[in-house]
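The values are calculated or read from the model by the stated rules, or taken from the named source; none is laboratory data. Here the structure is a predicted model, which is why all the values come from computation and not from measurement. Backbone-built Cβ (ideal geometry, glycine too); neighbour counts: all protein chains shown. Remember, those area values only see protein heavy atoms, side chains included, never the ligands or the DNA or RNA. Shrake-Rupley method; radii C 1.70, N 1.55, O 1.52, S 1.80 Å.
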Amino acid sequence: MKVLAINGSPHEQGCTYTAIRLVADELEKQGIETEIVQVGKLPVRSCIGCRACKEGKRCVFDDIVNECIDKSKDADGILLGSPVYYSGIAGSMKCFLDRFFYAGPYLHYKVGAAVVSARRAGTVETFQQLNNYFNLRNIVIAPSHYWNEVHGSNAEDVMKDEEGVQIMRTLGRNMAWLLKMMEYGKNAVPLPEQEEVIHTNFIR
Ligand SMILES: Cc1cc2nc3c(=O)[nH]c(=O)nc-3n(C[C@H](O)[C@H](O)[C@H](O)COP(=O)(O)O)c2cc1C
């Protein structure tokens, strides 16, 4: 099994990476491979709402977003990580996620989890924002024993945040457990019936 991890930080070995790594270590202990893609340093275009992707085409900006949509095809789970910027998702990551979740991905009824890193505040808002992407794509969210946050300005700080480190370990184990449950259960329990989606724009 495989988890695609997206690091929304510009820092390759920073706090968000450390949080993702802690989760990935637990996954790997259970034989689940993790591929970490760093998008936080890239100049990712924002979604322009052209809807070409809704007509069966790939995103018109053929970049890391399309690459990750392709990677999501054979992933069993997705792990999103973002540093907190002004109490929200960091800019490049937000642009990435808007396009990634609008144009793809192939993750329905797979497992998702989000982690955030902040020096001090805005973690819960950012965590909620990341989870919003899972909720409207039928992605099953793995839990931990607290909101998935670590604190610090660099990787060393994060490793001193004992509670944050433990939250990540728990998340990794829970994600592995859920991935295995879904893999072993998929032949025994069929996916729920799918209805054609209704869009009403709140007017009628
Ligand atoms: C532009 C910018 C905005 C930030 N906004 C916040 C914030 O709202 N709250 C906070 O606690 N930390 C904030 N920080 C600090 C980072 O979220 C924090 O240091 C984080 O752990 C860095 O993660 P990284 O090493 O993965 O980049 C901000 C940093 C930057 C560069």
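The table for this structure:
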item: Pairwise centroid distance, computed over Cα atoms, of the range 167-204 with the range 52-99, Å; result: 19
item: Accessible surface, per residue, of the chain when the full set of protein chains is kept, probe 1.4 Å, Å²; result: 55
item: Rg [Å, one decimal], Dmax [Å, integer] - the range 2-185, C-alpha atoms; result: 15.3, 48
item: Computed accessible area, Thr34, all protein chains, 1.4 angstrom probe, square angstrom; result: 20
item: Fraction of beta bridges assigned by DSSP in the chain that are antiparallel (%, nearest 5); result: 10
item: Qualifying GluC sites (Glu not before Pro) in the range 2-101, DSSP loop, other Cβ atoms within 10 Å at most 14; result: Glu12
item: Charge dipole magnitude, Cβ of K and R +1, D and E -1 - the range 9-162, Cα centre, debye nearest 20; result: 680
item: Protein accessible area in the range 2-185, 1.4 Å probe - carbon and sulfur %; result: 50
item: Phi-based couplings in Hz for the range 163-173 (Karplus 6.51, -1.76, 1.60; Gly and Pro marked x); result: 5, x, 4, 5, 4, 5, 4, 4, 4, x, 5
item: Largest-first ordering by accessible area, 1.4 Å probe, given options Cys68, Cys59; result: Cys59, Cys68
item: In Å², nearest 10: area of Asp62 left accessible to a 1.4 Å probe; result: 120
item: Sequence of Ile48, Ile167, Ile203 from largest to smallest accessible area, 1.4 Å probe; result: Ile203, Ile48, Ile167
item: Semi-axes of the equivalent ellipsoid for the range 97-204, Cα gyration tensor, largest first, Å; result: 30, 21, 10
item: Rg/Rh ratio calculated on Cα atoms of the range 49-136 (Kirkwood radius); result: 0.99
item: Orientation-averaged projected area, Cα convex hull of the range 10-105 (nm²); result: 6.5
